Amino acid sequence: MTVDEAVALIARRVCAVAGIETVPLAQADSRICAEECRAPGDLPPFDNAAVDGYAVRHAALAPGGETVLPLGGRLTAGASAEGVLAGDTAVRIFTGAPMPHDADTVFMQEDVRAGDDRVVLPHGLKLGANRRRAGEDVGCGDRVIPAGRRLRPQDLALAAAVGFDRLAVRRPLRVALFSTGDELTEPGATLRPGAIHDANRVMLGALLRRLGVAVSDLGILRDEPEVLARRLAAASADHDLILTSGGVSVGEEDHVKAAVEAVGRLAFWRLAIRPGRPVAMGQIGRTPFVGLPGNPVAAYVTLLFVVRPLIARLAGQSLVPLMPQPVRAAFSYRKKPGRREYLRVSLASGADGVVAAQKYPKDGSAALTSLTESDGLAELLDDAAGVSEGETIRFYPHALLW
């Protein structure tokens with residue numbers, strides 16, 4: 001199965017499971033908006049001045065030269081313009097102050113020669129200059145936040161500006177996270193012969209939290225099929241997703257696939273992707289399950305391109321497709337058509353100023369330094385047979401992926 005087919009399968013079969021709660025704006029950052037928000041009124045709510053200056057009726061200006069008008073009032077931000085008319089005068093006005101009801105144009109104070117009781121206004125200012133119209137940003141009833149958006153600080157500012165103090169959001173997904181394998185030891189523990197420290201659980205947990213989920217770190221599962229099946233079934237009772245790494249390949253000691261099939265079912269096993277081919281996705285009870293490869297780079301890549309869309313679907317998020325940047329390849333590489341490949345690359349400006357990507361020399365899927373010392377991932381699409389030096393390739397920077 002291709003990556004695109006797997007993501008399409010997720011879109012068809014998976015629906016939002018996260019419940020809804022209403023929270024104050026101060027607690028809504030990075031949460032998923034559960035309901036479409038429409039403005040209860042105009043933004044701005046009234047015509048107002050965009051600068052400090054003088055508000056006038058454009059019709060009161062001389063057609064062929066400077067205009068001299070007497071001063072006719074003063075409006076500050078927060079004041080009421082009720083009963084204030086410009087007529088044939090210039091009203092002193094400050095940024096954000098409501099416009100006099102008959103005024104339509106504002107001269108900037110630095111463009112005006114002002115005396116004690118009159119101002120001299122230059123010729124040529126257009127009708128409506130420096131005036132903000134009521135509703136020019138948002139009209140009453142306009143959609144300000146769509147359902148499914150992961151809320152950002154600017155979304156919260158807009159919600160506040162139109163009058164919301166609380167928003168309906170999806171509750172965070174609950175994800176059960178396991179590592180599997182007899183060879184694994186907790187970080188910081190003394191390594192016995194043949195053992196390695198478990199790096200995947202730390203990395204995956206951190207990445208999941210950046211996606212806004214609540215992670216239950218359930219430790220290391222040993223290569224015991226009955227124990228694996230029992231622990232996975234128990235996790236399905238109170239989590240929205242079960243995620244494991246390791247144990248899904250074809251070796252005699254890779255037991256996760258069989259354990260899932262003992263207590264649930266698989267939708268697919270193995271993808272046309274490198275690194276990351278041994279990916280299993282299925283269901284235990286009513287809870288989705290994903291088994292990622294044990295090699296950390298493969299786990300990183302598949303979490304990004306397979307699990308991320310699944311989490312978005314479960315969380316009720318309208319997932320914005322990742323947008324790769326075009327860069328020039330400073331290397332040549334051959335690949336097998338029919339699978340998607342992700343290469344770790346670093347960027348540098350060439351002699352002509354064009355940004356070029358250089359393939360990281362250590363490309364094994366167990367080499368964590370290929371993630372820490374590279375700038376991002378270069379994507380070679382399924383039907384490509386490789387890339388030649390000088391070609392344009394698709395680049396995903398690590399810094400913007402999470």
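Points worth noting:
- Criterion (free of Cβ contacts under 8 Å to residues at least 40 places away in the same chain and either over 24 Å from F164 (Cα atoms) or touching a strand residue (DSSP E or B) at 6+ places or on another chain (Cβ under 9 Å) (or both)) met by exactly one of A59, A55, A39: A59
- Restricting G316, G247 to residues that are in contact with a His (Cβ under 7 Å, 6 or more places away or on another chain) and of a type outside the set (S, T, Y) narrows the list to G247.
- Screening D375, D382 for residues that are in contact (Cβ under 8 Å) with a residue 24 or more places away in the chain, of a type in the set (D, E, K, R) and open to solvent by less than 40 Å² (accessible area, probe 1.4 Å) leaves exactly one candidate, D382.
- Looking at S370, S365, just one residue is in contact with a helix residue (DSSP H, G or I) (Cβ under 8 Å, 6 or more places away or on another chain) and within 17 Å of R339 (Cβ to Cβ), and that residue is S365.
- Among (1) under 24 Å from A385 (Cα atoms); (2) open to solvent by less than 40 Å² (accessible area, probe 1.4 Å); (3) out of contact with any strand residue (DSSP E or B) (no Cβ under 9 Å at 6 or more places or on another chain), the one test that Y342 misses: (3)
- Scanning region 385-402 for residues that are of a type in the set (A, V, I, L, M) and either open to solvent by 40 Å² or more (accessible area, probe 1.4 Å) or modelled with pLDDT under 95 (or both) yields A385, A399, L400, L401.
- Members of region 345-372 found to be touching a residue at least 24 places away in the same chain (Cβ under 8 Å), more than 23 Å from V279 (Cα to Cα) and either open to solvent by less than 20 Å² (accessible area, probe 1.4 Å) or not hydroxyl-bearing (S, T, Y) (or both), listed by number: V345, L347, V354, V355, A356, A357, Q358, K359
- Residues that are within 14 Å of C33 (Cα to Cα) and among the β-branched types (V, I, T) within region 156-203 comprise just one, V169.
- Matching residues in region 212-231 - criterion: being within 30 Å of the chain's Cα centre (by Cα), open to solvent by less than 20 Å² (accessible area, probe 1.4 Å) and on the phi < 0 side of the Ramachandran plot: V213
- Considering only residues in region 320-333 that are open to solvent by 60 Å² or more (accessible area, probe 1.4 Å), of a type outside the set (S, T, N, Q) and under 30 Å from R209 (Cβ atoms), the one that is modelled with the highest pLDDT turns out to be M323.
- Residue match in region 203-211 (condition: without any contact (Cβ under 8 Å) to a residue 12 or more places away in the chain and either among the charged types (D, E, K, R) or within 23 Å of P324 (Cα to Cα) (or both)): yes
- Just so you know, in region 334-383 the residues that are β-branched (V, I, T) and at pLDDT below 95 include one that is farthest from D198 (Cα to Cα), and it is V354.
- The set of residues from region 113-122 being within 49 Å of the chain's Cα centre (by Cα) and surrounded by fewer than 16 Cβ atoms within 10 Å (Cβ to Cβ) comprises just one member, P122.
- Considering residues of region 284-323 that are free of Cβ contacts under 8 Å to residues at least 60 places away in the same chain and under 25 Å from A259 (Cα atoms) only, the residue nearest to the chain's Cα centre (by Cα): T302
The values are calculated or read from the model by the stated rules, or taken from the named source; none is laboratory data. Since the structure is predicted, the reported quantities are computational estimates derived from the model, not experimental observations. Every residue, glycine as well, gets a Cβ built from its backbone with ideal geometry; the counts of neighbours run over all protein chains shown. Note: areas computed on protein heavy atoms with side chains; ligands, DNA, RNA excluded. Shrake-Rupley method; radii C 1.70, N 1.55, O 1.52, S 1.80 Å.
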